[in-house]
Structures are given as structure tokens and as C-alpha cells.
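Engineer: Pasting in a structure now, in C-alpha cells, and then I'll have a few things to ask.
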Amino acid sequence: MGQRFAVLAVLLLVSVVFCLPAAADPISSCVSATLSCSIFESTQPFFLPFLAISGDVVLLDPSGATSDVFRISNNLIDTGHGTGLGFETFFFSVDEGNLPNPSTLSANAVFLPENQTVINGFSETDYIGNGALYALFSDADAVATPEPSTFWLVGIGLATILGLLRNRVRA
């Protein structure tokens, strides 16, 4: 009796652990041929596959406050005041608590209203600069959506537990 309870407890624990939501962070990417990039909020820099004029794109929330800053660094040629040429980018966010000091914004900073339409937990604001389309995806603070396999694991775990309980009642 005690052994069956231990097996049931272990199965329950395993099913709970394996059923925790698993949501992967999206990965930024660029298509060089079309000069289009999908840039997601992140805590990691992203390197463009082409040279770009350095500067900042500041996204403003409906109240006019800064919510995100997309920065193309002047890591190749520095002409001063945050301008130049580079290929390293970073997408700063108020959600991550890493917004740059306003005094460090580039001389050619562009201010845009952030798109408020949320799709799959992100709002997409498009910016065309350097002859490229940058689709900037801001996290909309949505709850992570579990992967479909999570639901299968929950079902298998529940079926196992019910089967063990059924055998226990018959015994």
C-alpha cells in the first residue's frame, strides 16, 4: 500500500514538473536579400548582416513616455553624438528596466508612437531606415503561452493517475 502511494506521488510530481509551461523567447532575424529585419526585445545584442547608419528609434507609449529604444550602434565608424556606421543593435525596454539615459540618445534619434495592437503577446511597430524595414516587436506583458506538448503531458499524467487510482479501488 505504501509503495503504491510512493509511486503515485512520484508520478504526480513528474507530471507536474514536465507540464510546466515552456515558452521560448523569439529570436531576432534579418533577410539580407530584402533588407527586412524582425527585432524582438531582448537582453542580448543582435548583429545586422549589413552596415547601417547608427542612431536610435524611440518608441513612445500612448502617454508620450518612452517605452522602448532600438539602437544601431556606431561600432564601426564613430562620427560623434551616437552617429556613424555600425551593425550591432540592441532593443532596450522599460519592461527589462534597461532604457538608456535620454542624454545618450543619438543626434539623429527618431521618435515613433508604439503600435498598441497586440498579436501573440507582441506589438509590432514598423520603421523604415537605412533602406531596410525593421519590424520592432515589443513585449506586451502577455502571459507565456504553453507549447502544445504541455497539454499532452498533462493528459498523460492525469490518465496515469486515474489508472493507478482505478487499480487501487479494485484491489
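Engineer: Any number yet on Rg/Rh for the range 36-138, C-alpha, Kirkwood?
Structural biologist: Looking at the range 36-138, the ratio lands at 0.94.
Engineer: With the Cα gyration tensor of the range 30-74 in hand, convert its eigenvalues to equivalent ellipsoid semi-axes via √(5λ) and list them largest first in whole Å.
Structural biologist: 22, 12, 11
Read the figures in this text as sums done on the coordinates, not as results from a lab. Worth saying up front: this structure is predicted, and the values here are computed from it rather than measured.
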